[in-house]
1. Accessible area of Asp196, 1.4 Å probe, to the nearest 10 Å²?
2. For the chain, what % of the accessible area comes from carbon and sulfur atoms, probe 1.4 Å?
3. Using modelled amide H (1.01 Å from N, peptide plane; none on Pro or chain starts), what sits under 5 Å from the amide H of Arg300, excluding residues fewer than 5 places away?
4. Per residue, how big is the convex hull around the C-alpha atoms of the range 203-336? Give it to me in cubic angstrom, could you?
5. Taking only protein heavy atoms and a 1.4 Å probe, what accessible area per residue, in Å², does the chain have with all protein chains in place?
6. In square angstrom, rounded to the nearest 10, how much accessible surface does Asp219 have for a 1.4 Å probe?
7. Put a dot 7 Å past each Cα toward the Cβ at Ala252 and Thr298; how far apart are the dots in nm?
8. For every other residue with a beta carbon closer than 12 angstrom to the beta carbon of Met150, add +1 if it is Lys or Arg and -1 if Asp or Glu, then tell me the sum.
Amino acid sequence: MQSSRSSVSVVTCYKHPDYVRALTIRAALEAGSEFDDVVTVKSSSRGALRYAQVTWALLRQRFTARPDAYLVTFRGYEILPVVLLIAGRRPVVYDEFINPVEWFVEEHHKFAPGSLPAKALRGVMRSFMKRTRRILADTHSHLVHSAQLMDLEQSRYRTVVVGTDEQTFRAIPPRKATDEFVVLYYGSMLPLHGLDFVLGAAVELKDSPAITFRFIGGDEDDRRKVEAAAAAGASVRYQHWVDYAELPGIFAECDLFLGGPFGATVQSRYVITGKTYQFLAAGLPVMIGANEESRVFTHRTDSLIVEQGDAGAIAREIEWAAVNRERLNEIGQRGRELYDERFSSAVVQRELKGVFEPATGSLPTDATTSSEGGPR
């Protein structure tokens, strides 16, 4: 006798299968959704083998567990055709997170706009996206940009904030004031993050010996950039990488946290970065770059906001923070309140409600109704 329980298969085929975007979506579905069971299918290999692993797992699941619906998490565009084929008539929700046309054409310029490869990529992705029940975006502005870029109805999309791993990133007491003011900048150092502008700010502040920049992450080229800034007089320290579990301890050793994005690229216009959510959840003072999503923040109340692509603006705001250190604790606390209100796991859970239902009606045009980030 077949069970009457309903189930959803959450599919992740990525070199980091527990990337925060996948984690928060899985947790929200498990905490409360229209399905009785949430079954995770994810890759265990970082290489090309992961595509075969996930495909085989989906085929086995299709004829055993027989899920009622599928949700494909980031980096979903690579495995989406397989999921659509296996799902058949069952609804598929696609968490776009990063639009591949935006990524390859607009952001990283792998294909020239209007070129045959760019047109082919857009055409293929659009055909797959049209076959999904719903498309998830991390922010409202990113939703609008993707819909325009792919010539799809906005009503097909839904904004679901990214949030963060709230078990790892919890309230951290502010560091006791010392003679050193430590500014933390970490991450994957993608162009949207604006490493060059932060390093430019560090060089501008070379005559402020109390201000030290701590950089973590990036590749060999990024390390050389940091070393060049140090040679120009900047007070910097660099680590290639740290374990994820070590981050809260590192946060406790710093005074100001750079969330960005500062890069003034196409993608940087529409995102709130993953590390910004971490800093907010931890109640720490964060500096962000002004973009389409920064309107939900209030300058020097729950965050510090600077213009993108402006090393001087970053330097001036860091100087202000160092002089006004006593205000940073309150800014961090207000940031945590903002996180609870707009970006928490409860918000993710609420925004996922009904995503498997057929898209009807039009999307609200007020960007503040729902907002979020990314590898960002």
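The values are calculated or read from the model by the stated rules, or taken from the named source; none is laboratory data. Note that this is a predicted model, so its numbers are computed, not measured. Heads up, the Cβs are rebuilt from the backbone with ideal geometry, glycines too, and the neighbour counts pull from every protein chain shown. To get the accessible areas, we keep the full protein, side chains included, count just its heavy atoms, and leave off ligands, DNA and RNA. Shrake-Rupley method; radii C 1.70, N 1.55, O 1.52, S 1.80 Å.
1. 90
2. Roughly 51 percent of what the probe reaches on the chain is carbon or sulfur.
3. Ile305
4. In the range 203-336, the Cα convex hull volume per residue is 107 Å³.
5. 43
6. 80
7. Placing both labels 7 Å beyond Cα along the Cβ direction yields 3.1 nm.
8. After counting each charged neighbour, the total is 0.
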